[in-house]
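The values are calculated or read from the model by the stated rules, or taken from the named source; none is laboratory data. Note that the structure is a prediction, hence the values are computed from the model and not measured. For neighbour counting, all protein chains shown are included, and Cβ atoms are generated from backbone atoms with ideal geometry for every residue, glycine included. Accessible surface is based on the protein model in full, side chains and every heavy atom, while ligands, DNA and RNA are left aside. Shrake-Rupley method; radii C 1.70, N 1.55, O 1.52, S 1.80 Å.
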Number of protein chains: 2
Amino acid sequence: MEKIEHYRTCIETLLERESRYQSQREDVESQLFFDPVRHHYQVMWVGWQGLKRVYHTVMHFDIREDKIWIQQNTTDLDVGEALVEMGVPKEDIFLGLHPPYKRPYTGYGDSVTNS
Amino acid sequence: MEKIEHYRTCIETLLERESRYQSQREDVESQLFFDPVRHHYQVMWVGWQGLKRVYHTVMHFDIREDKIWIQQNTTDLDVGEALVEMGVPKEDIFLGLHPPYKRPYTGYGDSVTNS
């Protein structure tokens with residue numbers, strides 16, 4: 001349980017940092033979603049740039065059975081590395097944004113053999 | 001405050017109902033995000049269909065200053081109408097998924113004059 005709390009804090013720190021990059025477009029906001037009950041966490045851009053809809057997830061993490069899953073990352077930050085620097089072991093990080101067959105070759109958690 | 005609680009219940013009911021449509025693809029899950037602190041609520045599909053990433057928001061609502069904002073809806077349900085049937089007045093529903101200039105003509109909340 002302590003481990004999950006630590007992982008949650010790491011995730012929330014990364015997302016809060018990302019959400020501080022406020023858009024210069026007044027009709028676009030960064031939205032933080034923290035759901036500690038279902039363990040889904042993300043930051044989105046939502047709004048309008050003139051007639052163009054701005055709507056996408058910037059960064060998204062889940063916690064599943066004591067592991068962190070990276071589901072989305074459209075930034076240039078290496079979020080896996082950032083989590084490792086915060087003390088999360090590589091084998092507890094799963095790259096959901098890579099197809100399952102690739103995961104054994106990423107150096108991160110291997111959904112085939114670890115879960 | 002009671003009004004916000006009611007709106008939150010309406011939103012959660014619609015999202016929970018939507019999330020019950022389980023994917024037949026075993027590698028795709030429906031993810032509910034309920035963040036009652038920041039008042040962002042959504043359901044997403046997340047996973048893999050073979051080598052193809054499945055990653056999109058199905059339905060998304062925000063509550064802002066006592067109003068419900070519909071930010072995304074990729075279903076064939078008329079969610080505005082569904083909210084009205086649950087007792088939400090039309091003027092308290094804002095169609096964030098339509099560009100601002102269109103909103104005065106939708107019959108729903110008009111961000112130009114109401115907010």
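Details
- Across the identical copies, the label point of A:HIS98 (7 Å from Cα in the Cβ direction) is separated from its matches by 4.5 nm, in order from shortest.
- Candidates B:TYR101, B:MET1, B:HIS40 compared by Cα position along the dipole of chain B: farthest toward the positive end lies B:TYR101, with charges placed on Cβ.
- Remark: the range A:3-16, residue by residue, has Karplus-estimated 3J(HN,Hα) of 4, 4, 4, 5, 5, 4, 4, 4, 4, 5, 4, 4, 5, 5 Hz, where x stands for each Gly or Pro and the curve is 6.51 cos²θ - 1.76 cosθ + 1.60 at θ = phi - 60°.
- Value of Rg/Rh across the range B:1-49 [Cα atoms, Kirkwood radius]: 1.09
- Counting only protein chain heavy atoms and rolling a 1.4 Å probe, the accessible areas of B:ASP62, A:ASP78, A:ASP66 rank, largest first, as A:ASP78, A:ASP66, B:ASP62.
- Cα-centred dipole magnitude for the range B:2-114, charges only on beta-carbon of K, R (+1) and D, E (-1), debye, nearest 20: 400 debye
- When accessible surface is computed with a 1.4 Å probe, chains B and A are found to bury approximately 2300 Å² between them, both chains counted.
- Residues of the range A:1-42 buried by at least 20 Å² on assembly (accessible area, 1.4 Å probe, chain alone as reference): A:GLU29, A:GLN31, A:LEU32, A:PHE33, A:PHE34, A:ASP35, A:ARG38, A:HIS40, A:GLN42
- Model label zone, A:GLU29; criterion: amide N under 13 Å from point 7 Å along Cα-to-beta-carbon; scope the range B:9-53: B:37-41
- Across identical copies of the chain, A:HIS56 has label-point separations of 1.4 nm, listed in ascending order, with the point defined 7 angstrom from Cα along Cα→Cβ.
- Sites excluded, GluC sites (Glu not before Pro) in DSSP loops with at most 16 other C-beta within 10 Å, longest stretch of chain A: A:66-115
- Subtracting the Cα-Cα distance of B:ARG17 and B:ASP76 from 0.36 nm times their residue separation leaves 19.9 nm of extension gain.
- Three principal axis extents describe the C-alpha atoms of the range A:54-115; from largest down they are 38, 26, 21 Å.
- Compactness of the protein assembly as shown as Cα Rg over 2.2 N^0.38 Å, two decimals: 1.07
- Label-point spacing at A:THR74 relative to the other copies reads 1.3 nm, in ascending order, each point sitting 7 Å out from Cα along Cα→Cβ.
- Lysines whose Cα lies under 22 Å from that of A:LYS90, excluding same-chain neighbours fewer than 8 positions away: A:LYS3, A:LYS67, A:LYS102
- Taking only Cα atoms of chain A, radius of gyration then Dmax in Å: 15.0, 48
- Residue-normalised accessible area of chain A, expressed per residue, 1.4 Å probe, Å²: 52 Å²
- Lys, Arg +1 and Asp, Glu -1 on Cβ, resulting dipole of the protein assembly as shown about Cα centre, debye, nearest 20: 620 debye
- Amide H contacts under 5 Å for A:ARG64, placed H, 5+ residues apart: A:TRP69
- Counting only DSSP H runs of at least 4 residues, each contributing -39500 (n - 2.57), and dividing by the residue count of the protein assembly as shown, the helix-based mean residue ellipticity at 222 nm comes to -7500 deg cm²/dmol.
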